[in-house]
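Trainee: Next up is a structure, given as structure tokens.
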Amino acid sequence: MSSLVIRGAQPYGEGEPVDIAVRDGVIAEIGARLDADGAEVIDAGGLVALPGFVDLHTHLREPGREDTETIESGSRAAALGGYTAVFAMANTDPVADNAVIVEHVWRRGREVGLVDVHPVGAVTVGLKGEKLAELGTMARSAARVRVFSDDGLCVADPLIMRRALEYTKALDAVIAQHAEEPRLTVGAQAHEGELAARLGLAGWPAVAEESIVARDCLLALHVGARLHVCHVSTEGTAEVLRWAKGRGTRVSAEVTPHHLLLDDERLTTYDPVNKVNPPLRTSTDAKALRAALAEGTVDCVATDHAPHASQDKDCEWSAARPGMLGLQTALPIVVETMVNPGLLDWRGVARVMSERPAEIAGLPDQGRPIAVGEPATLTLVDPAGRWTVRGADLASIAANTPYEGMELPGVVVATLLRGAVTARDGKVTA
Amino acid sequence: MPPRDRGAPEPAGQRELLSAGDVARTIARMAHQVIEKTSLGASGASPVVLLGIPTRGAPLAARLAARIAEFSDIGVPVGTLDVTLYRDDLRRKPTRPLGATALPPGGIEDALVILVDDVLFSGRTIRAALDALRDAGRPRAVQLAVLVDRGHRELPIRADYVGKNVPTARAEEVNVLFEETDGRDAVLLRRAGERA
Amino acid sequence: MRHLLSTDGLDPATALAILDTADGLKRTLLGREVRKLPTLRGRTVITMFYENSTRTRVSFEIAGKWMSADVVNVSAGGSSVSKGESLRDTALTLAAAGADCVIVRHPASGAAHRIAGWLAAAGTSVVNAGDGTHEHPTQALLDAATLRDRLGRIDGRRVAIVGDVLHSRVARSNVHLLTSLGAEVVLVAPPTLLPVGVADWPVGAAGSLRVSHELDPELPTLDAVMMLRVQAERMHGGFFPSAREYAIAYGLGEARARMLPKHAVVLHPGPMLRGMEIAAAVADSPRAAITDQVANGVHVRMAVLYHLLAGEEDNS
């Protein structure tokens, strides 16, 4: 007997609406007018069914800054945003550079149970960029770490980066690089361009990202390893990736919702809610990133969800920490920047929000097809819905959203993780 | 409020109180009064200095001096004294540009200074002028000449020379026009509640 | 006018009104024994300096005192700032304590903008007395006042700004103000000391802006040359090979000064590094307007306080 029937949803926004019956966490049947027979029913008329979203880039802040986000509050935000798996970045305090911390994060995620929380392991001890962390131990731990990153900082030393790429080949893991040449970004505060120069904000030049991406692509090709590029922010990086992929480099890349939507024109208020690393670039970059995502040069969307306390944001620009909330606003921004302008259809959304990230991270049970026998890990989206962002109403403890007051299209109506409804109609249900 | 309909209304809802001819005659009369009251030219009399308060006190002072010279053959030094920085009502109006302060070359030490303004109303401008004068020097005595006294004093200040006393309602406006600043000579009354 | 945060976006009519007021104040106070006006009696002005700058702080303090405002100085070292209080809390505290105007110098670009935002409800005016490498609007206004004194007018005049434009808030404020008042501004510096895309900055429509890397060809056509300070940390930051090479290429020595037209004025925002960006003999020559700049600084800052505090409440 089915535990749940989703009535009248449109998988991938294609074809006639169908009913989807779920049994034992698996899609048991897909068809017209299935018999609910006492099972819970979700009326999904007019909704698009997609595989649950996977975020390769989330900061959950636990351990260390539980005043801004915890694994629990972040899991709630993820479920409400349509996510069924998130990758928790390693720059916690203490740093997730050992099996003890990554297992703690993994266990806390399981206890909360709203979303699969996969810890990302640090590449180097303490994110210092000097000595490889115990990547193998983390990979073999209960947390089964398959993504390693010093995110927030770049693995700048080319020899350390080469070793990390080579070593992870044996672990079937991937290095996710925060591409930022540190010598070119000393004191950097904003995208190096005409506007930042006028505002007196020290520049973060595009070339500081592009040169590292180019170097890492060459290294990855040379040692035959996989590389993932975090938060691609410039048109030039997209060009480098196109070139590298053309040469057969095993490189994947993500773009954040904010780099798709926002640009450096927002900086004129000096409000640090717009401060993020890498910085908001120009509108030309944003346009190029949308095109790169549409064509697959950039593989997926990742939030770089980065909660910060108000005292770290409601201050002068240079004193503020970089980062913005992203989990609950990611889909609406993809709808706004990609779906509504016709750059991506719903099958494309499934690809960039779910299938490709699951593939990059090697998750066997996420980003699966909506088909009988597959896990009932799904997100139901109302494509016609609109909502106004209020930072205080978001599930995160912190409220640092740059989209405050913005009306966005696309509402996540329900999220299912292996048959369990984790969020429905804007409320966490599990 | 009693109706006031002497004279023909001006197009902008204003009524003419003094014509160009009235203005000229009034200034001439004031010049005679100054000559008489200050014993101008008499031995032992203090030297007289006219200080016009910008904007329209300045041309009025110059005209008074010209009439005095005409009637007495005595050239009275003329200057201007801007009082903007001494006003106590600056915060009630948009930021005012400063007017010019130009004391005559001989200064005002020990002189009989006659402050000259177009309209005497609350008296606050004159209070500010007295403060400004104190910072500018030490005259022997200070007198006040105005073309129109419209009443409604808020301070114990009175004029020594008044061209015309005009009873007004507080909300009315008295506008003095001079050839030098406005292209013609006249004194107009704008009724309460009417806007140009 | 509610705040003075930048000259970028300051409309030329307002800028000229401030300069005219400064002129009027200067004439009013000329030759007086008692330099005190009652204009801002009862108003409280607080200077908040998070960077040491005796000359700017003193200039504002004198300006406030000559207008009879109560001036209170808060320095970062001697307040709760050193105990880690946030800029926001400090600003809100000073406003709550009754500040009508806060004058702020801060190492972070945009700090004055932020404070103006936090104090929007308090009605307190904010003057930017230098924020990071962004702007220093009163310095530009006093430079403009000095140029107007010396040259009669600003529009149509050609002014070179020489040196570390990249890190200079004085240069940024002058570029916006002088071009909006119709000057032709030439920035002269090595490429490493010029801001990105500076040639494309939107500037005042009445004037123009261009960039040059060579000082000598510019000199004979200039009406004024403004020498910027070269800070010690830039010398060690690899922005140019050596102090000697900089002085040879961009320093205003006596021989260079002779290439200027007779009427041309030399400005320097101070403090000067004699022998580095400017030769002592040039700094002390009659064409140098450096002490005029300091004197005008007081009158311009009085004028700014007058325009911010002496009119009716302005919430724009």
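The values are calculated or read from the model by the stated rules, or taken from the named source; none is laboratory data. Keep in mind that this is a model prediction, so the values were computed, not measured. Every residue, glycine as well, gets a Cβ built from its backbone with ideal geometry; the counts of neighbours run over all protein chains shown.
Trainee: Tell me, which helices (runs of 4 or more DSSP H) wholly within the range A:142-227 include 1 or more residues that are away from chain C (no Cβ under 14 Å), of a type in the set (S, T, N, Q) and surrounded by fewer than 22 Cβ atoms within 10 Å (Cβ to Cβ)?
Mentor: Answer list for the range A:142-227: A:206-223.
Trainee: Tell me, which residue of the range C:198-212 that is surrounded by 13 or more Cβ atoms within 10 Å (Cβ to Cβ) and more than 14 Å from chain A (Cβ to nearest Cβ) is nearest to C:F239 (Cα to Cα)?
Mentor: Selected residue: C:S212.
Trainee: Could you check, for the range C:120-138, whether at least one of its residues is buried (at least 22 other Cβ atoms within 10 Å of the Cβ) and assigned to a helix (DSSP H, G or I)?
Mentor: Yes: one or more hits.
Trainee: Still on this structure, please answer the following. Output yes when any residue across the range C:174-191 is at pLDDT below 95 and within 14 Å of chain A (Cβ to nearest Cβ), and no when none is.
Mentor: Taking every residue of the range C:174-191 in turn, none turns out to be at pLDDT below 95 and within 14 Å of chain A (Cβ to nearest Cβ).
Trainee: Do we find a residue being closer than 20 Å to A:E209 by Cα, part of a loop (DSSP other than H, G, I, E, B), more than 13 Å from chain C (Cβ to nearest Cβ) and in contact with a strand residue (DSSP E or B) (Cβ under 8 Å, 6 or more places away or on another chain) anywhere in the range A:306-321?
Mentor: Yes, because at least one residue in the range A:306-321 is closer than 20 Å to A:E209 by Cα, part of a loop (DSSP other than H, G, I, E, B), more than 13 Å from chain C (Cβ to nearest Cβ) and in contact with a strand residue (DSSP E or B) (Cβ under 8 Å, 6 or more places away or on another chain).
Trainee: Can you give me the ranges of the helices (runs of 4 or more DSSP H) entirely in the range C:212-316 with at least 1 residues that are among the aromatic types (F, W, Y)?
Mentor: Helices (runs of 4 or more DSSP H) meeting the threshold: C:243-250, C:290-309.
Trainee: May I pose another question? Has the range B:36-45 got at least one residue that is under 15 Å from the mean Cα position of the chain (by Cα) and buried (at least 17 other Cβ atoms within 10 Å of the Cβ)?
Mentor: There is no residue in the range B:36-45 that is under 15 Å from the mean Cα position of the chain (by Cα) and buried (at least 17 other Cβ atoms within 10 Å of the Cβ).
Trainee: Let me spell it out: the conditions are (1) surrounded by fewer than 24 Cβ atoms within 10 Å (Cβ to Cβ); (2) touching a residue at least 60 places away in the same chain (Cβ under 8 Å), and A:T329 meets all of them except one. Which number is the exception?
Mentor: Unmet for A:T329, out of (1) surrounded by fewer than 24 Cβ atoms within 10 Å (Cβ to Cβ); (2) touching a residue at least 60 places away in the same chain (Cβ under 8 Å): (1).
Trainee: Is there any pair with a first residue in the range B:62-84 that is within 17 Å of B:L103 (Cβ to Cβ) and a second that is of a type in the set (K, R) and surrounded by fewer than 18 Cβ atoms within 10 Å (Cβ to Cβ) whose Cβ atoms are under 6 Å apart and which are 6 or more apart or on different chains, and what are they?
Mentor: Pairs that qualify, where the first residue is within 17 Å of B:L103 (Cβ to Cβ) and the partner is of a type in the set (K, R) and surrounded by fewer than 18 Cβ atoms within 10 Å (Cβ to Cβ), are B:T84/B:R96.
Trainee: Could we say that C:S86 is out of contact with any Pro (no Cβ under 8 Å at 6 or more places or on another chain) and either surrounded by 22 or more Cβ atoms within 10 Å (Cβ to Cβ) or within 14 Å of chain A (Cβ to nearest Cβ) (or both) here?
Mentor: Spelling it out, C:S86 is indeed out of contact with any Pro (no Cβ under 8 Å at 6 or more places or on another chain) and either surrounded by 22 or more Cβ atoms within 10 Å (Cβ to Cβ) or within 14 Å of chain A (Cβ to nearest Cβ) (or both).
Trainee: Also, I was wondering about something else. Inspect all residues belonging to the range C:39-57 and state whether any of them is within 14 Å of chain B (Cβ to nearest Cβ) and either part of a helix (DSSP H, G or I) or on the phi > 0 side of the Ramachandran plot (or both).
Mentor: yes
Trainee: So, in the range C:216-239, exactly how many residues are without any contact (Cβ under 8 Å) to a residue 60 or more places away in the chain, over 22 Å from C:T146 (Cα atoms) and of a type outside the set (D, E, K, R)?
Mentor: Here the count works out to 6.
Trainee: Of the residues C:A171, C:A144, only one is in a helix (DSSP H, G or I), within 11 Å of chain A (Cβ to nearest Cβ), more than 20 Å from C:A76 (Cβ to Cβ) and modelled with pLDDT of 95 or more; which?
Mentor: C:A171
Trainee: Go through (1) of a type outside the set (G, A, S); (2) surrounded by fewer than 22 Cβ atoms within 10 Å (Cβ to Cβ); (3) within 14 Å of another protein chain (Cβ to nearest Cβ) and name the single condition C:R258 misses.
Mentor: It is condition (3) that C:R258 fails.
Trainee: Here's something else I'd like to know. Among residues belonging to the range B:137-196 that are touching a Phe, Trp or Tyr at 6+ places or on another chain (Cβ under 8 Å) and under 19 Å from B:V34 (Cβ atoms), point out the one that is surrounded by the most Cβ atoms within 10 Å (Cβ to Cβ).
Mentor: B:V146
Trainee: Quick check on my filter: what residues within the range A:361-403 are closer than 14 Å to A:G326 by Cα and of a type in the set (D, E, K, R)?
Mentor: Correct list: A:R390, A:D393.
Trainee: Still on this model: Across the range C:21-34, what is the number of residues that are touching a residue at least 12 places away in the same chain (Cβ under 8 Å) and more than 9 Å from chain B (Cβ to nearest Cβ)?
Mentor: 3
Trainee: What is the residue count in the range C:107-117 for residues that are touching a Lys or Arg at 6+ places or on another chain (Cβ under 9 Å) and at the interface with another protein chain (Cβ under 7 Å from one of its Cβ atoms)?
Mentor: Counting residues in the range C:107-117 that are touching a Lys or Arg at 6+ places or on another chain (Cβ under 9 Å) and at the interface with another protein chain (Cβ under 7 Å from one of its Cβ atoms) gives 4.
Trainee: Continuing with this model, one more query. Being of a type outside the set (V, I, T), closer than 20 Å to A:P205 by Cα and within 14 Å of chain C (Cβ to nearest Cβ) is the filter here, so list the residues in the range A:271-305 that pass it.
Mentor: A:P272, A:N274, A:K275, A:P279, A:R281
Trainee: Follow-up. Return a yes/no flag: does the range B:48-68 have any residue that is assigned to a loop (DSSP other than H, G, I, E, B) and over 30 Å from C:W66 (Cα atoms).
Mentor: No, that holds for no residue.
Trainee: Against the conditions (1) assigned to a loop (DSSP other than H, G, I, E, B); (2) within 25 Å of C:Y306 (Cα to Cα), where does B:I74 fall short? Just the number, please.
Mentor: All conditions pass for B:I74, except number (2).
Trainee: In a helix (DSSP H, G or I) and either in contact with a Leu (Cβ under 9 Å, 6 or more places away or on another chain) or at pLDDT 95 or above (or both): does that describe A:T84?
Mentor: no
Trainee: Might you check whether a residue that is modelled with pLDDT of 95 or more, assigned to a strand (DSSP E or B) and either basic (K, R) or surrounded by 21 or more Cβ atoms within 10 Å (Cβ to Cβ) (or both) occurs anywhere in the range A:243-251?
Mentor: Yes.
Okay, residues lined up against (1) of a type in the set (D, E); (2) surrounded by fewer than 23 Cβ atoms within 10 Å (Cβ to Cβ); (3) in a loop (DSSP other than H, G, I, E, B); (4) at positive phi:
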{"position": "C:D8", "(1), (2), (3), (4)": "yes, yes, yes, no"}
{"position": "C:L16", "(1), (2), (3), (4)": "no, yes, no, no"}
{"position": "C:A22", "(1), (2), (3), (4)": "no, no, no, no"}
{"position": "C:R35", "(1), (2), (3), (4)": "no, yes, yes, no"}
{"position": "C:G64", "(1), (2), (3), (4)": "no, no, no, no"}
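Trainee: I need the full set of residues from the range A:1-38 which are buried (at least 16 other Cβ atoms within 10 Å of the Cβ), part of a loop (DSSP other than H, G, I, E, B) and of a type in the set (A, V, I, L, M, F, W, C), in order please.
Mentor: Correct list: A:L34 only.
Trainee: Only one of C:S86, C:S168 is polar (S, T, N, Q) and in contact (Cβ under 8 Å) with a residue 40 or more places away in the chain. Can you tell me which?
Mentor: Among C:S86, C:S168, only C:S168 is polar (S, T, N, Q) and in contact (Cβ under 8 Å) with a residue 40 or more places away in the chain.
Trainee: Which is out of contact with any Pro (no Cβ under 9 Å at 6 or more places or on another chain) and more than 22 Å from A:V120 (Cα to Cα), of A:G405, A:G385?
Mentor: A:G405
Trainee: Checking the structure you have, find out if any residue of the range A:272-282 is closer than 23 Å to A:K313 by Cβ, among the charged types (D, E, K, R) and assigned to a loop (DSSP other than H, G, I, E, B).
Mentor: Checking the range A:272-282: at least one residue is closer than 23 Å to A:K313 by Cβ, among the charged types (D, E, K, R) and assigned to a loop (DSSP other than H, G, I, E, B).
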